[in-house]
Structures are given as structure tokens and as C-alpha cells.
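Visitor: This is the structure I have questions about; it appears just below.
The values are calculated or read from the model by the stated rules, or taken from the named source; none is laboratory data. Keep in mind that this is a model prediction, so the values were computed, not measured. A quick note on method: Cβ atoms are made from the backbone with ideal geometry, for glycine too, and the neighbour counts reach across all protein chains shown. Surface areas here come from the heavy atoms of the whole protein model, side chains and all, with no ligands, DNA or RNA. Shrake-Rupley method; radii C 1.70, N 1.55, O 1.52, S 1.80 Å.
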Amino acid sequence: MRWRAPIQRLLALVRRRRLDLELEAEIEAHLEMAERDARQAGLSAEEARWEARRRFGGIEQIKEEHRDQRSVRWVETRAREFRYALRTLSRTPGFTAMAVLTLAIGIGATAAVFSLIQGVLLTPPPYKEPGQLVLISSDRTDGQQQESPRPWPAAQWLEWQREVKSLQSIAAYGWAFNFLILPDGVESFEAMLVTREYFSVVGLEPVLGRKFLPSDTAPSATPVCIIGYELWQRRFGGNPNILGQTVRVSRQDAPFEIVGVMPPGVRFLPAPNAAREPNYDVNALVDIWLPIAPGPNPEALKRPQWSIVGRLAPGFTREQAQAELALITARQAQADRDFAGFAPKVQSLTSEYNRDGERILLPLFEAAALVLLIACGNVAALLFVRGLGRQQEYAVRAALGIGRAQLFCEVCIESLLLALVGGALGAGLAVLAVRAFKLIGGHTVPRLDAVTTGWPVLLFGLGLALIAAILAGLFPAWRASRLDPNEVLKGAGPRATAGRGERRLLQIVTMAQAALTLVLLVGAGLLIRTMINIWKAPSGYKTSHILAMTVTAVEGNWSDFHRRALDRVSTLPGVQSIAFAWGVPLTGNNWTAHVIIEGQPAPATQNEAPQVPLRSVTPGYFELLGIPLIEGRDFRSSDDDSAPQVVVVNSAFADRYFSGTTALGKKVWLFGPDKAPGTIVGVVANSRTDDLTRQASPEIYLSFWQARAYSKHLLIRTEADPLSIASAVHTALREINPYAAVEHIKTFDQIRNDSLASRRFAMQLLVGFAVVGCLLTLVGIYAVLSLSVASRRHEIAIRITVGAEYRDIRNLIFFDGFRLIAGGVAAGLGGALVLSRALRSFLYEVEPSDPATLVAVAIMFTGVALLACWAPVQRATRMDPMKILRC
Amino acid sequence: MSKRRRDLPYGTLDLLIMKTLETMGEMNGYRIARRIEQVSGDALKLSQGAIYPALIRLEQEGWIRARWGISETNRKVKFYSLTKAGRKQLKAEVEAWEQANALVARFLEAAL
């Protein structure tokens with residue numbers, strides 16, 4: 001029965017009114033009966049009533065005790081204080097709106113970034129116990145960076161599977177890009193090639209059908225595939241009878257039978273070997289899984305292109321697995337020179353999975369938290385200043401016997417109420433902000449598409465509200481409870497002034513705000529400078545008025561399609577020039593060759609020759625992009641299979657390998673010394689093809705008609721808005737070949753912007769946060785200075801009467817403000833030096849401690865902040881000393 | 001705001017009310033108060049109203065139950081009676097009380 005009374009008490013809170021009425025009825029009946037008994041004992045009516053009351057005792061006292069007895073007193077008191085706070089706040093709507101809005105902005109910003117973190121970083125991938133999964137790659141033992149990932153874990157994983165104790169199971173996987181040929185058109189897809197063990201290693205169970213069986217990879221087996229939930233919904237309408245149906249895939253003879261459907265939300269595992277493929281997107285949802293079929297040769301399972309994933313055995317750590325693998329490798333290195341100098345690297349999947357997200361989200365979260373702190377500072381100042389105005393009231397109540405603890409509680413509850421309303425509003429703002437992030441964020445934050453806003457965000461917002469209430473409310477509450485009623489009541493009338501010590505404290509709060517704002521501004525400034533630097537960096541090509549799209553003819557005659565496509569599209573109205581190209585700048589290019597170069601010392605093996613990226617382009621490509629031809633000639637459409645192979649190199653290539661002489665006419669062997677070499681016929685200027693922030697490196701261009709690229713871009717230079725002709729081009733291409741996949745239709749400007757998207761996203765958010773923080777701080781400076789002027793008005797009045805000039809007063813107050821700002825700026829510069837390092841990976845040609853940015857931001861902020869001092873200064877100089885001194 | 005000072009040791013009033021209800025059966029608040037006064041004579045200085053907070057407490061604990069009835073002055077009033085749990089509680093409390101009494105008595109004798 002122990003629970004009974006507490007529940008009853010809680011219920012009594014709700015039934016308060018009814019219980020009061022019931023008690024009243026009982027008391028009345030009681031008194032009536034007592035009165036009747038007294039009358040019967042011989043008292044007069046008057047005496048009887050008096051006697052009944054006397055014997056009953058104090059009625060109000062009994063009622064109060066009844067209330068205490070039946071319910072939870074603490075809750076009732078707090079509820080009363082809450083109602084009181086609500087009333088007080090609603091009496092000053094301006095103050096309340098200001099405080100609530102300030103908090104809502106701070107909480108909203110933080111909760112919005114948090115919901116990104118929650119969706120991107122805290123939501124684990126849909127594997128079984130993802131924390132146990134590890135990715136195994138290799139690392140140089142001498143600690144140097146490797147140029148490209150060494151594929152040897154792939155060569156060993158089958159042996160590891162047998163020997164290693166710290167790993168429960170191991171599987172190999174790879175990434176592939178191909179096209180589905182469907183009745184209504186061709187669609188590209190990204191696929192995962194996996195060994196049979198893969199699904200049990202990561203712990204994925206199909207929602208429909210089965211996983212791969214050993215028989216699926218037998219040489220004579222029918223090709224099978226498993227499709228992703230999203231592809232199933234998108235392309236097959238979630239058809240429950242999908243199993244057993246077949247799909248055609250380009251460049252594959254036999255159609256694939258669908259044997260299973262995987263659960264929603266499964267994304268790729270990082271495949272470093274494919275990272276530079278143009279269409280590689282590790283954060284994409286997997287469309288299709290295909291079994292790695294070794295065919296007649298089981299060595300196919302050890303091909304270097306595979307990546308390796310393993311699951312730690314129970315009780316083993318990542319470090320133990322690493323040590324065990326290192327031991328095995330060291331042993332093998334003695335037998336096989338290929339393994340020497342390398343050690344296995346065992347990485348946790350989740351940390352790899354979250355690396356890109358952390359890189360961008362954690363600095364933004366920091367920035368949002370700074371905004372929240374600034375907001376808290378403002379609300380603390382607001383509450384404090386308001387507390388000054390209510391000193392009289394507090395003092396009177398303290399004199400009447402209200403406890404310090406209760407006054408403290410009251411002010412705390414007021415700030416709590418403000419924070420809760422602010423928190424709820426902030427959570428709402430966060431939902432809107434997340435929508436905006438998704439709109440401007442696009443691909444910059446991995447898996448942004450999976451972010452949703454729900455209860456966690458609201459809860460987080462309310463949690464922040466509690467923290468904010470404590471930060472903002474504690475000091476004003478403490479101060480209210482420490483008032484000495486004697487001192488306050490001795491002073492005359494209600495005042496809005498503060499003592500020296502209190503003003504100093506407020507000034508420290510404002511300085512802290514200014515410092516935090518400066519940190520934000522420096523971050524924003526650094527990112528703005530980065531964008532300017534990138535803008536100014538010579539890309540080497542023009543991006544305006546160019547339409548780009550990927551075009552792939554999955555069936556039919558290759559060169560016929562491309563020649564007809566060029567002819568047809570170039571006659572469309574509005575088209576100036578047109579070119580096909582593999583390896584268009586900023587779209588990724590994984591095609592490289594180890595090149596033997598005439599005049600260079602011959603390498604021992606082809607693999608030791610310098611590795612140079614290759615690109616394949618049609619004549620006119622360089623002119624279309626505005627890449628100047630320095631020497632020699634462009635490709636001709638006659639440079640085809642029947643003509644000797646020709647290449648064009650960029651000037652970085654010419655300078656490195658043929659400095660002091662001409663590159664023209666020199667030979668390069670791209671595909672081995674025994675194959676025919678290509679002759680350099682032209683040299684073009686450098687361009688930043690990989691990344692706008694990276695200097696050009698040596699590159700080789702091949703003639704499109706000699707080096708057939710399966711998937712490639714069509715570039716069109718247009719007279720007007722490039723997108724306006726997109727659909728005409730699309731139609732023309734589909735008319736030439738209905739099996740042409742035309743995808744990723746974008747302007748080249750868009751491609752350029754997309755390559756900078758994460759920097760721009762970080763910049764936009766940081767600039768937004770900095771502006772909000774700046775505004776809040778300006779309000780704070782204004783408020784503190786106004787208070788200071790009000791508090792010192794006697795002093796100022798005296799100064800004026802004894803002959804101080806307008807200028808003196810102005811300087812006095814300005815100096816006050818300047819001290820405040822300068823203190824904040826100094827502290828902020830220190831903070832910025834530390835915190836800006838978080839942005840390092842986003843910066844380009846500017847250091848986190850860039851003095852020019854620091855100085856510029858400091859001067860700018862000081863200037864703007866001094867403007868906030870203007871109104872208080874005006875007020876100080878316009879005082880009428882006689883009026884002030886008389887009262 | 002401060003707790004009302006009691007003239008009785010804590011819990012005594014509860015015991016008196018429950019004992020009264022056990023002997024007399026269902027009664028209203030006034031009758032309970034009168035009965036306690038009569039039995040204790042002048043030994044107890046208690047305002048009658050004090051039984052109401054005690055009654056609500058006992059009711060919330062589930063030891064007594066209340067139902068609305070009509071008083072001798074024709075008014076709606078609550079009539080209280082002991083529940084099964086109340087009887088058990090009363091028995092336990094009486095035992096505890098007697099034990100404590102005996103202990104204190106022995107102690108006082110020994111001290112003499």
C-alpha cells in the first residue's frame with residue numbers, strides 16, 4: 001500500500017478545488033451540529049455559535065493544514081510561483097518577448113546543428129552492432145603518406161580468415177558503376193560487389209528473398225543480384241512479386257535475376273580504390289549488390305581492387321586485431337618482398353563513416369554553442385537589469401518575512417519559464433533551420449538526406465533551455481535573494497541603477513559576449529577569405545555559359561553514336577560549340593597510367609614509371625573551356641583508330657619532363673613498352689582539374705576517337721542560359737539512340753560551385769551565426785552602457801555643473817564603452833587563435849591565425865560596437881543637471 | 001507556514017480516530033471529535049477541527065473510507081468507517097503502542 005498515499009496526493013493537486021469545497025461543506029455541517037448540541041445544552045443562539053467556533057479552532061488554519069496534509073506541498077508552492085512568474089512576465093511583454101526571442105535564437109541554432117549531428121553522426125549505420133566492424137587497409141611503416149592505397153589486404157584476407165583469432169569473420173567488397181536497361185529507359189546505378197561472407201559479416205538480412213549462396217558464384221550459375229529497398233520502391237513500385245524477375249545490365253550478356261531485397265537505408269562502405277571514380281559517392285544508398293564471382297580462377301577473390309571489412313571477435317579490441325595482423329604480415333614480409341614496409345591498418349567503421357560529417361559538423365556545433373552562450377549572456381543581463389527595477393518590491397517582501405530561498409526560487413522560476421518558452425520556440429526554429437540546411441547543404445554534409453527532426457530535437461532544445469535558465473538566471477536570482485531590505489528601502493523611490501560591483505560584473509558578461517562574437521567573426525572572416533582566395537585562384541578554364549551532362553550509349557555502335565551526336569547537337573539553336581570528354585575538371589578522374597617518357601631514364605618495371613592522370617577529349621574541347629593551346633596543335637577528328645596515336649600534354653608535364661626543349665614530337669608509352677607509343681602533338685596551359693585549391697600537376701590528354709570512354713561528359717557552350725537548351729539536347733540524343741543515358745544535367749558553374757559546397761555551407765552558417773551573435777552582443781553593449789549612464793547620472797550632472805564640456809562627457813561614456821569592447825576584443829582574439837584551428841581543413845591559402853583577418857575583424861567589430869554606444873552617449877550629454885540634482 | 005504544533009505525540013490522533021471508528025462503527029467528523037473528547041475527558045486539549053487533516057491523511061492511506069450521508073441537521077456530510085487495511089493497521093499500531101508503553105514504563109521504573 002506504500003504507493004497509495006503518494007498517488008492520492010498527486011491526484012489531490014488536480015482535484016484541489018473540489019477537495020476544498022468538500023472540506024468547507026464538512027466544516028459547515030460540523031459547526032451546525034456543534035451549535036445544535038450547544039443549544040440543547042442550554043446556551044443561547046449567540047453563545048452556541050460562538051462556543052461551536054471556539055471548540056472547532058481556527059478554520060483557515062485547519063483548511064491550510066488540510067491542504068498541506070493531503071497534497072504535495074512542494075509542487076503546490078512551485079505551481080504558485082510559476083503562476084506568479086507567468087503573471088509578472090506577461091505584465092512586461094516587451095522584456096519577455098526580447099528575452100524569449102534571444103533564447104530561441106540561441107537554442108534554435110544549437111538544436112538545428114544538433115539535429116544534423118544526431119541524424120548524421122549519432123545514427124549508426126543499419127548493420128548489426130556496427131561498433132564491432134572494422135575496415136582493414138594498409139599503412140607505410142615509415143609513417144609517410146602513401147600515394148595510393150596499397151591493395152595487399154585484398155591479397156591476404158582469405159588467409160586471415162583462416163588464421164586470425166581477433167576477427168570473427170572477414171569479407172571483401174568493391175564498388176561498381178553501371179547502367180540498368182529498363183523498358184522505359186536507361187538508368188545508372190551504383191553497386192556493391194561483395195563476397196558471399198559480406199552479409200553475415202555486416203549483419204544484413206534481406207526484407208524479401210535471400211542472401212547470396214555458394215551456388216550463385218559457380219561458373220555456370222545464372223547471374224543473380226540483390227536490390228536495395230530504395231531502388232525497389234523507386235523503380236519497381238515496391239512490387240512484392242519482384243523475386244525471380246530479371247534485369248538487364250549494360251555490358252553484361254545475361255540478365256540478372258533478382259533474388260532478394262535489402263532493408264532501407266543501407267549505404268556504401270568506403271572503397272578507397274574507387275574514391276576517385278567520377279560517379280563514386282560513398283554516402284549514397286546502395287542500389288544493387290552483385291556477388292563477386294571468381295569464375296574458374298579463385299585468385300579473383302584476391303584482386304587488388306577489393307576492400308576488406310571484418311567483424312571483431314567478442315572480447316577483442318581493434319588494437320589487438322591490428323597487432324595480430326601486423327605479426328602475420330611481418331612474417332609474410334620475410335617471404336614476399338611485396339609486403340615489406342607496410343603494416344595493416346585496422347580502422348573502426350563508425351569513425352571512418354563519420355569522418356566527413358565530423359569535419360564539418362563539429363566546428364558548426366561549436367559556433368552554434370557560442371551563439372547560445374552569447375544569448376544567455378544577454379538574457380542574464382536583461383534579468384539582472386529588471387531585477388534592479390524590482391529591488392523595492394523584493395525589499396518590501398523580504399521585510400514582510402518572505403524567505404531568501406523563496407525569492408531565489410522565484411527569480412529562478414522566472415528564468416526557467418523564459419527558457420522553456422524560448423526552448424520550445426527554438427525547437428521550432430530548429431526545424432525550419434534544418435529544412436534550410438537541407439536546401440543549401442545538398443551534398444556537403446554526408447547523409448543529410450537521412451536527417452529528420454523529431455522528439456530528440458525538441459528534447460535537446462528543452463535540455464538546452466534548462467542549461468540556459470541556469471546560466472542566465474542564477475546570478476540575478478542570487479542577487480535578488482541577497483538584497484538587504486534596509487539598504488534598499490532607505491534609498492529613495494524605485495531606481496534603475498546599479499552599484500559599482502554589479503556594474504563591473506555585467507561588464508564582464510558583456511566582455512565575454514564580445515569575445516565570443518569575435519571568435520565567430522574571425523571564423524566567418526577566415527572562410528570568406530578562403531572563398532575569395534579560391535575565386536581569385538587561376539582555375540585555367542572558363543565555367544560560364546557551359547552546359548554539362550553525362551551521356552552514355554549503353555547499346556549500339558559507339559563511334560557512330562558519338563559522331564552523330566556531335567553533328568546533331570551542334571546544329572541546335574543556341575549552341576556555339578560542343579565536345580565530348582572523359583575527365584571534365586572537378587568531376588573526378590581515376591584514369592591514370594604509368595607512363596614511360598622519351599628521354600627519361602627507363603624504369604625497371606612499368607609500375608615504377610611516373611603515374612600520370614589521363615583524359616580523353618574531342619577536338620575543340622580546349623577552346624570550349626578556354627584552355628589556351630601553347631604549342632603544337634589540337635586533336636583532329638581524323639585522329640582515330642586508323643591514325644597513329646597522338647597525345648596533348650599540359651605545360652606542367654612539358655616543364656617537368658622536357659624543360660629547356662620542346663615536348664612536341666616526343667613519344668610517351670602509356671600502356672607498356674611493347675605497345676605503340678603516343679606522340680605529343682600539342683601542349684596546353686595548366687588548369688586545376690582535380691580541385692580548385694590544388695595546383696595543376698602533369699596531365700596527358702588523349703584523342704577521344706582513339707581512347708574510347710564509356711561514360712563521359714558532353715559539354716556545350718551556349719549563347720544564352722545553358723539550362724534553357726537542356727531538354728532539346730536530351731531529346732536529340734534520345735532520338736539518335738533510345739538507349740542513351742543522359743544524366744546529371746548541370747551548368748558548369750554548378751559543377752564548380754558543387755566542388756566548393758562544403759566550404760560554402762560552412763561559410764554561410766558561420767557568417768549567419770556571427771551576424772546573429774554580433775547583433776545580440778551589440779544589444780548587450782547598448783544595455784550595459786545605458787545602465788551605466790543611468791547609474792552615474794548624479795556624477796555626470798555634477799560634472800556638467802562644475803563645467804565639464806559636452807566633449808568631456810561624450811569621451812567619458814565612450815571611453816567606458818571602448819574599455820568594454822577592447823577587453824572583449826582582446827580576449828576574443830586569444831580565443832580565436834585557439835578555436836579557429838577547427839576550421840583548418842576548410843581554409844585555403846590563409847592560416848587560422850592569419851594576422852590580416854584578425855586585425856580586420858577586430859577593427860571592424862570595434863567600429864560597429866562603438867556605434868552601439870552612440871545612443872547612451874547622447875543620453876548622457878543631453879541630461880539636464882538641474883533636474884537630476886534637485887530630486 | 002510553519003507546522004502546527006501538536007499537543008499530542010505524533011500519530012496519537014490517528015490512533016484515537018481509528019480506535020473510535022472500530023468501536024463505534026461509521027460516524028461523521030463531528031461525532032468522532034465529540035467521542036474523542038468524551039472519552040479523554042479533560043486530559044486532551046484538542047480543537048475539533050484538527051481531526052479533518054488527520055481524516056484526509058487516513059483516507060489517502062486507505063485505512064478509512066468516506067461516503068456522503070446526511071447529518072442529524074439534514075446536511076450533506078461525510079461518514080467515515082474503518083477499512084480492512086485500516087483494521088490491520090490499527091492492530092499493528094496498538095501493538096506497537098503497547099510495546100513502547102511497556103518499554104517506557106519499565107525504563108521509568110528502573111530509573112526510580
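Visitor: Counting only residues that are without any contact (Cβ under 8 Å) to a residue 24 or more places away in the chain and touching a strand residue (DSSP E or B) at 6+ places or on another chain (Cβ under 7 Å), give me the strands (runs of 3 or more DSSP E) lying completely in the stretch A:584-645 with at least 1 of them.
Guide: A:592-594
Visitor: Something else: Give the residue, chosen from A:Ser220, A:Ser215, that is hydroxyl-bearing (Ser, Thr, Tyr), at pLDDT below 90 and either open to solvent by less than 50 Å² (accessible area, probe 1.4 Å) or not in a loop (DSSP other than H, G, I, E, B) (or both).
Guide: Answer to the check: A:Ser215.
Visitor: Now, a different point. Taking only the stretch A:83-97 into account, find how many residues are surrounded by fewer than 17 Cβ atoms within 10 Å (Cβ to Cβ) and either among the charged types (D, E, K, R) or assigned to a helix (DSSP H, G or I) (or both).
Guide: So the answer is 9.
Visitor: Considering the stretch A:716-732 alone, what residues qualify as being within 20 Å of A:Leu625 (Cα to Cα), surrounded by fewer than 23 Cβ atoms within 10 Å (Cβ to Cβ) and aliphatic (A, V, I, L, M)?
Guide: Applying the first criterion (within 20 Å of A:Leu625 (Cα to Cα)) to the stretch A:716-732 yields A:716-726, A:729.
Going one step further and asking which of them are surrounded by fewer than 23 Cβ atoms within 10 Å (Cβ to Cβ), we end up with A:717, A:719-721, A:723-726.
Answer for the stretch A:716-732, where residues must be within 20 Å of A:Leu625 (Cα to Cα), surrounded by fewer than 23 Cβ atoms within 10 Å (Cβ to Cβ) and aliphatic (A, V, I, L, M): A:Ala720, A:Leu723, A:Ile725, A:Ala726.
Residue-by-condition table, conditions (1) open to solvent by 10 Å² or more (accessible area, probe 1.4 Å); (2) within 20 Å of A:Arg568 (Cα to Cα):
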| position | (1), (2) |
| --- | --- |
| A:Val681 | yes, no |
| A:Leu692 | no, no |
| A:Tyr701 | no, no |
| A:Leu714 | no, yes |
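Let's see how each residue does on (1) over 20 Å from A:Leu839 (Cα atoms); (2) at pLDDT below 90; (3) part of a helix (DSSP H, G or I):
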| position | (1), (2), (3) |
| --- | --- |
| A:Ile360 | no, yes, yes |
| A:Ala375 | yes, no, yes |
| A:Leu382 | yes, yes, yes |
| A:Arg386 | yes, yes, yes |
| A:Leu407 | yes, yes, yes |
| A:Val411 | yes, yes, yes |
| A:Thr452 | yes, yes, no |
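Visitor: Within the stretch B:60-73, restricting attention to residues that are of a type outside the set (A, V, I, L, M, F, W, C) and within 11 Å of chain A (Cβ to nearest Cβ), which residue is surrounded by the fewest Cβ atoms within 10 Å (Cβ to Cβ)?
Guide: So, considering only residues that are of a type outside the set (A, V, I, L, M, F, W, C) and within 11 Å of chain A (Cβ to nearest Cβ), the one surrounded by the fewest Cβ atoms within 10 Å (Cβ to Cβ) is B:Gly69.
Visitor: Among the residues in the stretch B:93-106, are any among the basic types (Lys, Arg), more than 10 Å from chain A (Cβ to nearest Cβ) and surrounded by 12 or more Cβ atoms within 10 Å (Cβ to Cβ)?
Guide: Checking the stretch B:93-106: not a single residue is among the basic types (Lys, Arg), more than 10 Å from chain A (Cβ to nearest Cβ) and surrounded by 12 or more Cβ atoms within 10 Å (Cβ to Cβ).
Visitor: Related question: Only one of (1) assigned to a loop (DSSP other than H, G, I, E, B); (2) farther than 19 Å from A:Ile751 by Cβ; (3) hydrophobic (A, V, I, L, M, F, W, C) fails for A:Leu516. Which number is that?
Guide: Only one criterion is unmet by A:Leu516, namely (1).
Visitor: Only one of these conditions is not met by A:Leu506: (1) open to solvent by 40 Å² or more (accessible area, probe 1.4 Å); (2) more than 21 Å from A:Val771 (Cα to Cα). Which number is it?
Guide: Exception for A:Leu506: condition (1).
Visitor: Let me ask something else about it. Residues in the stretch B:11-27: is at least one within 12 Å of another protein chain (Cβ to nearest Cβ), closer than 21 Å to A:Met33 by Cβ, part of a helix (DSSP H, G or I) and not hydroxyl-bearing (Ser, Thr, Tyr)?
Guide: Scanning the stretch B:11-27, I find at least one residue that is within 12 Å of another protein chain (Cβ to nearest Cβ), closer than 21 Å to A:Met33 by Cβ, part of a helix (DSSP H, G or I) and not hydroxyl-bearing (Ser, Thr, Tyr), so the answer is yes.
Visitor: Here is a further query. Need at least 2 residues that are charged (D, E, K, R) per element, so show me which strands (runs of 3 or more DSSP E) inside the stretch A:696-799 make the cut, counting only ones lying wholly within it. Don't jump to the end; show me each part of the working.
Guide: Numbers: elements: A:700-703, A:712-718, A:740-747.
Once the strands (runs of 3 or more DSSP E) in the stretch A:696-799 are filtered for at least 2 residues that are charged (D, E, K, R), what remains is A:712-718, A:740-747.
Visitor: Considering only residues that are facing another protein chain (nearest Cβ under 9 Å) and either in contact with a Leu (Cβ under 8 Å, 6 or more places away or on another chain) or surrounded by 16 or more Cβ atoms within 10 Å (Cβ to Cβ) (or both), which ones fall in the stretch B:74-88?
Guide: B:Arg75, B:Val77, B:Lys78
Visitor: Turning to a different aspect of this structure: Residue by residue through the stretch B:33-59, note down the ones that are closer than 25 Å to A:Arg9 by Cβ and open to solvent by 10 Å² or more (accessible area, probe 1.4 Å). Explain how you work it out, then say what you get.
Guide: Residues of the stretch B:33-59 that are closer than 25 Å to A:Arg9 by Cβ, as a first pass: B:33, B:46-59.
The answer is B:Leu46, B:Ser47, B:Ala50, B:Ile56, B:Arg57, B:Glu59.
Visitor: Taking the stretch A:143-176, which residues are at pLDDT 90 or above and either among the hydroxyl-bearing types (Ser, Thr, Tyr) or open to solvent by 40 Å² or more (accessible area, probe 1.4 Å) (or both)?
Guide: Hits for the stretch A:143-176 are A:Ser166, A:Gln168, A:Ser169, A:Tyr173.
Visitor: Of the residues A:Tyr782, A:Tyr806, which single one is in contact with a helix residue (DSSP H, G or I) (Cβ under 6 Å, 6 or more places away or on another chain) and surrounded by fewer than 17 Cβ atoms within 10 Å (Cβ to Cβ)?
Guide: Checking each option against the conditions leaves just A:Tyr806.
Visitor: Does A:Thr123 satisfy being among the hydroxyl-bearing types (Ser, Thr, Tyr) and assigned to a helix (DSSP H, G or I)?
Guide: no
Visitor: Are any residues in the stretch A:329-358 open to solvent by less than 50 Å² (accessible area, probe 1.4 Å) and either at pLDDT 85 or above or within 30 Å of A:Ser115 (Cα to Cα) (or both), and if so, which ones?
Guide: Within the stretch A:329-358, A:Val346, A:Gln347, A:Ser348, A:Leu349, A:Thr350, A:Glu352, A:Tyr353, A:Asn354, A:Gly357 qualify.
Visitor: Just to be sure before I move on: is A:Gly426 within 25 Å of A:Ala515 (Cα to Cα) and under 32 Å from the mean Cα position of the chain (by Cα) in the structure I sent?
Guide: In short, yes.
Visitor: Considering only the stretch A:181-212, state which residues are among the β-branched types (Val, Ile, Thr), surrounded by 22 or more Cβ atoms within 10 Å (Cβ to Cβ) and not in a strand (DSSP E or B).
Guide: Across the stretch A:181-212, the qualifying residues are A:Thr195, A:Val201, A:Val202.
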